[in-house]
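Working notes, structure below.
The values are calculated or read from the model by the stated rules, or taken from the named source; none is laboratory data. For clarity, every value in this text was computed on a predicted model and none was experimentally measured. Here the Cβ positions follow ideal geometry from the backbone for every residue, glycine too, while neighbour counts run over all protein chains shown.
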Amino acid sequence: MDIVEELLKGNRLALSRAITAIENEYDEAMDIMKKLYPHTGHAFVLGITGPPGAGKSTLTDKLARAYRAQGKTVGIIAIDPTSPFTGGAILGDRIRMNGLTTDEGVFIRSMGTRGSLGGLSHKTADAVKAMDAFGKDIIFVETVGVGQSEVDIVKAADTTMVVLIPGMGDDIQAIKAGILEIGDVFTINKADHDGADKLVREMNMMLDLDGLMTDWRPPIQKVIASQNEGITETIENIEKHFKYISENGILTKRRTERSKNEMLDVLHSNIGSYITKKLVESGKMDEYVEQIKARETDPYTVVSNVMKDMLK
Amino acid sequence: MAKVRVLVAKPGLDGHDRGAKVVARALRDAGFEVIYTGLRQTPEQIAEAALQEDVNVVAMSILSGAHPHLFPKVVNLIREKGMDDVLIIGGGVIPETDIPALKEAGIAEVFTPGTPTGDIVEFIKANVK
């Protein structure tokens, strides 16, 4: 099967195989990405992040259904943590989205973090591009359940939604740096639980104190995802934000920044592996390591010399 | 960097997923990526999830007695989708006398109650493509 050709024709198995090639860093992955790249740049990418158990998957399910009702096609990438000890993972986000599985306009892919610490996996951005080239109108990227500082999602998404739930801390939590700074749209899920209104007040206080705020004040919406309450309003908030960033040049700026990051990521990883390979093949790697261990030289000098030799 | 991906699913209507969860956890500890889809899956849902997740293995658990109907159906749907190399295994309360027919239908192995989880891990490692 010609993966690229079949993917562009709308073959779901080809899309699935492409993501596997990307994720496993098969040799053909780079070639697939090269060929898919010209077909990307059309999808709207929505990031969904928040603590474990906040209801991200349930909310994704409900939002995806609402977009399907509008006739839009949906891709979902759902990330769960990989064990740092065994490399294994339980990817359990699909369990909240079973009703979407047999809808041909929806494609869901679960990914393990595989050592990445920012809430995504290293290959999430490329998997998004594969779905984009496939023709999905909207791509949801659901992060792992995050703590305070996993903010990589902002680099991958056009609009980032932070999902919070009542009862997770006091108003000091609300003034800390980290994930609360990255929300373009806030959703307070499980709003039927005690403390939802207090959390809305605290979030508003946080936003009132935000000295860096632009014209966009992130809206805060109370939602009960399991009962489909507040979904319409949430979609309106997402769409308002997308309109805002489109009209103010922010979207262009974000996508320019993303293009730069994409290039730098590929650059760093390719140069790194090229030099490593050369060092290993020539036997210099072991030689340098021994010298460094014996304190005859140091890693900084070695790298300066290697760069002088190889990157003339 | 290839990682074994396993879909663990419960086809049919019985609501007992303790066994499936124990197996899912054991497979996780063996270093596999386990996509757990939970209870009450139709054969169509299982086959489509297997396709979207590009899994190497589909592991199904049934305690209701519907295995003679549901297991072969899942096998056929997965093969129809062009996934010829997926290893499909089953488990649950399955009478010994039913096992030959299930294997004939394309279920690679059937694990009945009392099977050490390590046996399932070893079987997957030995047979996965």
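Of the residues in the range A:52-72, how many are away from chain B (no Cβ under 14 Å) and crowded, with 19+ Cβ neighbours inside 10 Å?
Residues in the range A:52-72 being away from chain B (no Cβ under 14 Å) and crowded, with 19+ Cβ neighbours inside 10 Å: 8 in total.
Among the listed residues A:D210, A:D197, which satisfies the condition of being assigned to a helix (DSSP H, G or I) and touching a Lys or Arg at 6+ places or on another chain (Cβ under 9 Å)?
From the options A:D210, A:D197, the qualifying one is A:D197.
Return yes or no: is A:M168 part of a strand (DSSP E or B), more than 14 Å from chain B (Cβ to nearest Cβ) and more than 24 Å from A:H39 (Cβ to Cβ)?
Taking the combined requirement at face value, the residue does not satisfy it.
Going through B:E44, B:E109 one at a time, which residue ends up being at pLDDT 95 or above and more than 20 Å from B:I124 (Cα to Cα)?
Exactly one residue qualifies, and that residue is B:E44.
Which residues, taken from the range B:74-126, are of a type in the set (D, E) and touching a residue at least 40 places away in the same chain (Cβ under 8 Å)?
Residue satisfying the conditions is B:D85 alone.
Yes/no per residue for (1) of a type in the set (A, V, I, L, M); (2) not in a helix (DSSP H, G or I):
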residue: B:G19; (1), (2): no, no
residue: B:I46; (1), (2): yes, no
residue: B:L51; (1), (2): yes, no
residue: B:S64; (1), (2): no, yes
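Would you confirm whether any residue within the range B:39-58 is touching a strand residue (DSSP E or B) at 6+ places or on another chain (Cβ under 6 Å) and in contact (Cβ under 8 Å) with a residue 60 or more places away in the chain?
yes
Against the conditions (1) within 12 Å of chain A (Cβ to nearest Cβ); (2) of a type in the set (F, W, Y); (3) in a helix (DSSP H, G or I), where does B:Y36 fall short? Just the number, please.
(3)
Of the numbered conditions (1) assigned to a helix (DSSP H, G or I); (2) at pLDDT 90 or above; (3) surrounded by 14 or more Cβ atoms within 10 Å (Cβ to Cβ), A:T232 satisfies every one except a single condition; which is it?
Only one criterion in (1) assigned to a helix (DSSP H, G or I); (2) at pLDDT 90 or above; (3) surrounded by 14 or more Cβ atoms within 10 Å (Cβ to Cβ) is unmet by A:T232, namely (3).
Give B:G31, B:G82 a once-over and let me know the one that is part of a loop (DSSP other than H, G, I, E, B), under 25 Å from A:I22 (Cβ atoms) and in contact with a Lys or Arg (Cβ under 9 Å, 6 or more places away or on another chain).
Result: B:G31 is the single residue among B:G31, B:G82 that is part of a loop (DSSP other than H, G, I, E, B), under 25 Å from A:I22 (Cβ atoms) and in contact with a Lys or Arg (Cβ under 9 Å, 6 or more places away or on another chain).
All but one of (1) over 30 Å from A:E104 (Cα atoms); (2) part of a loop (DSSP other than H, G, I, E, B) hold for B:K103, so report the exception by its number.
(2)
Conditions tested, residue by residue: (1) part of a loop (DSSP other than H, G, I, E, B); (2) among the charged types (D, E, K, R); (3) surrounded by 14 or more Cβ atoms within 10 Å (Cβ to Cβ).
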{"position": "A:I238", "(1), (2), (3)": "no, no, yes"}
{"position": "A:S246", "(1), (2), (3)": "no, no, no"}
{"position": "A:K253", "(1), (2), (3)": "no, yes, no"}
{"position": "A:T256", "(1), (2), (3)": "no, no, no"}
{"position": "A:S259", "(1), (2), (3)": "no, no, no"}
{"position": "A:M263", "(1), (2), (3)": "no, no, no"}
{"position": "A:I271", "(1), (2), (3)": "no, no, no"}
{"position": "A:V280", "(1), (2), (3)": "no, no, no"}
{"position": "A:K312", "(1), (2), (3)": "yes, yes, no"}
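Hey, among the residues in the range A:104-115 that are over 15 Å from A:M131 (Cβ atoms) and either within 9 Å of chain B (Cβ to nearest Cβ) or among the charged types (D, E, K, R) (or both), which one's surrounded by the fewest Cβ atoms within 10 Å (Cβ to Cβ)?
This residue is A:R114.
Go through the range A:28-65 and give me each residue that's outside any helix (DSSP H, G or I), of a type in the set (A, V, I, L, M) and closer than 24 Å to A:A225 by Cα.
A:V45, A:L46, A:I48, A:A54
Of all residues in the range B:57-80, which are within 10 Å of the chain's Cα centre (by Cα) and either surrounded by fewer than 18 Cβ atoms within 10 Å (Cβ to Cβ) or under 15 Å from B:R40 (Cβ atoms) (or both)?
Matches in the range B:57-80: B:M60, B:S61, B:I62, B:V74.
Condition first: aliphatic (A, V, I, L, M) and over 16 Å from the mean Cα position of the chain (by Cα). Now tell me which residues in the range A:29-54 satisfy that.
A:A29, A:M30, A:I32, A:M33, A:L36, A:A54
One line per residue, one yes/no per condition, for (1) touching a strand residue (DSSP E or B) at 6+ places or on another chain (Cβ under 9 Å); (2) at the interface with chain A (Cβ under 9 Å from one of its Cβ atoms):
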position: B:A24; (1), (2): yes, yes
position: B:R28; (1), (2): yes, yes
position: B:I78; (1), (2): yes, no
position: B:P100; (1), (2): no, no
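Looking at the range B:1-22 only, could you name the residues that are β-branched (V, I, T) and within 11 Å of chain A (Cβ to nearest Cβ)?
Those that are β-branched (V, I, T) and within 11 Å of chain A (Cβ to nearest Cβ): B:V4, B:V6, B:V8.
Check B:H69 against each of (1) away from every other protein chain (no Cβ under 13 Å); (2) without any contact (Cβ under 8 Å) to a residue 24 or more places away in the chain; (3) under 28 Å from A:R17 (Cβ atoms) and name the one condition it does not meet.
(3)
Let me confirm something: among A:T102, A:T124, A:T113, which residue is of a type in the set (S, T, Y) and more than 20 Å from the chain's Cα centre (by Cα)?
A:T102
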